[in-house]
Amino acid sequence: MEIGFIGLGNMGAPMALNLVAAGHDVTGYDLQASCPEGVGAAASASEAAAGRDVVITMLPNGAILRAVAAEILPAMREGAVLVDCSTVEVAAAREVASQAAARGIGCLDAPVSGGVGGAAAGTLTFMVGGTEADFATAEPLFDVMGQKAVHCGGAGNGQAAKICNNMILGVTMIATCEAFALADKLGLDRQAMFDVVSTSSGYSWTMNAYCPAPGVGPQSPADHDYQPGFAADLMLKDLRLSQSAADDVDADTPMGQAACALYETFVEQEDGAGRDFSAMLPRFEKRGRG
Ligand code: NAD
């Protein structure tokens, strides 16, 4: 396929390279980053988008997505499909989809999980909102860039799935970290704590697969001085998106709200910026109830 790829940062560059390696013709554009070798360089976003079968965006946030969409939709050909893989507000995804539909252009919101490692290895999971027909068009590309693509329903539902998943992830990571810190103070050995919880009703992905305590469980960022991994800053972004979505639809999310406030403190007032989101454990270790 002829593909335009806009946003060639930490995630976008390796995703674009996997498409090139699979034989697709990829033309890229980024405001700052240079095009990786094998990706044709366009002089603007609209040049990267013009005449392509599919245009993929991988951008920092919804405001930038809206601005880029306003620029590229008039340049895209009718019948083409815009696939936004960024993590943005559900409302932004739905707005861009309706602007695309008004021009006869397909649109999917397709945020990912799997991080930079998954982008490089081509093992991302895509959570996709949009029509069946547009999903069918993009599915071969999801197969190249990822290991699984779930069609979650209409426009915005991919973003909805992403922020609900990450709200659970943020809350669960905090619960796992505070339980380890409590166990320490109760004199419980960390390996014993892991062995019990990972095979008992407290098990979770954060305990079993991404344990925040170094030296127990499988290798995780905790074993590498909490280098991300999944940065606390990105967790804060996703928790904020979950809370603004909850505001929009009047959903009661007390645990999500508490997790958002805690990551906000950690990233903006403490030493959480640039550290993995599991570095909540050393944070709790140092603290008491006061
Ligand atoms: P990044 O900052 O490395 O890349 C974003 C790129 O977009 C940058 O290179 C930037 O120059 C470019 N850009 C900004 N404005 C632009 C414009 N107007 N036109 C063209 N290019 C523009 O970020 P990333 O880590 O690649 O993340 C991208 C998206 O993926 C974000 O929405 C993020 O939340 C999501 N995400 C990231 C991860 C991760 O682990 N990094 C995991 C899952 C989802």
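The values are calculated or read from the model by the stated rules, or taken from the named source; none is laboratory data. If you're wondering where the values come from, they're calculated on a predicted model, not measured in any experiment. Note that each Cβ is placed from the backbone with ideal geometry, even for glycine, and that neighbours are counted across all protein chains shown. Calculation scope for accessible area: heavy atoms of the full protein, side chains included, ligands and nucleic acids excluded. Shrake-Rupley method; radii C 1.70, N 1.55, O 1.52, S 1.80 Å.
Numbers below:
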read-out	value
Residues in the stretch 106-133 that a label on Q219 would reach, taking backbone N under 20 Å of a point 7 Å out along Cα→Cβ	114-124
Point-to-point label distance, E264-E139, nm (Cα→Cβ direction, 7 Å offset)	4.2
The chain: relative contact order in percent, alpha carbon pairs under 8 Å with at least 6 residues between	13
Normalised per residue, the volume of the convex hull around the Cα set of the stretch 245-290 (Å³)	103
Solvent-accessible surface ranking, highest first, for R287, R52 at 1.4 angstrom	R287, R52
Top of A161, A33, A222 by mean-square fluctuation, Gaussian network on the chain, Cα under 10 Å	A33
Rounded, prolate or oblate (a/c below 1.5 giving rounded, otherwise prolate when a/b exceeds b/c) for the stretch 29-175 by Cα gyration tensor	prolate
For I56, residues with placed amide H under 5 Å, excluding near neighbours	G4, F5, I6, V83
Amide proton proximity set for T131, modelled H, under 5 Å, gap of 5+	C107
For the chain, the spread of Cα positions along each principal axis, largest first, Å	65, 42, 33
Computed Kirkwood radius, in angstrom, where 1/r is averaged over Cα pairs of the stretch 186-259	14.3
Order of exposure, largest accessible area first, which applies to T125, T199, T206 with probe 1.4 Å	T199, T125, T206
FRET efficiency estimate (nearest 0.05) - Cβ-Cβ, A91 to M1, R0 35 angstrom	0.75
Hits among lysines - C-alpha to C-alpha of K148 under 25 Å, sequence gap 8 or more where chains match	K162, K237
Rounded percent of accessible protein surface that carbon and sulfur make up, the chain, 1.4 Å probe	54
Distant-in-sequence amide H partners of G146 (H built 1.01 Å from N, under 5 Å)	L124
Full-extension gain in nm, S98 to T199, via 0.36 nm per residue minus C-alpha separation	31.7 nm
Point-charge dipole on Cβ atoms (K/R +1, D/E -1) for the stretch 91-212, about Cα centre, debye to 20	140
Cβ-derived FRET efficiency at R0 41 Å, D25 paired with Q257, nearest 0.05	0.35
Distance between modelled label sites at V116 and D248, nm, 7 Å Cα→Cβ extension	2.9
Probe 1.4 Å, all protein chains present, accessible-area order of S201, S46, S34, S98, largest first	S201, S34, S98, S46
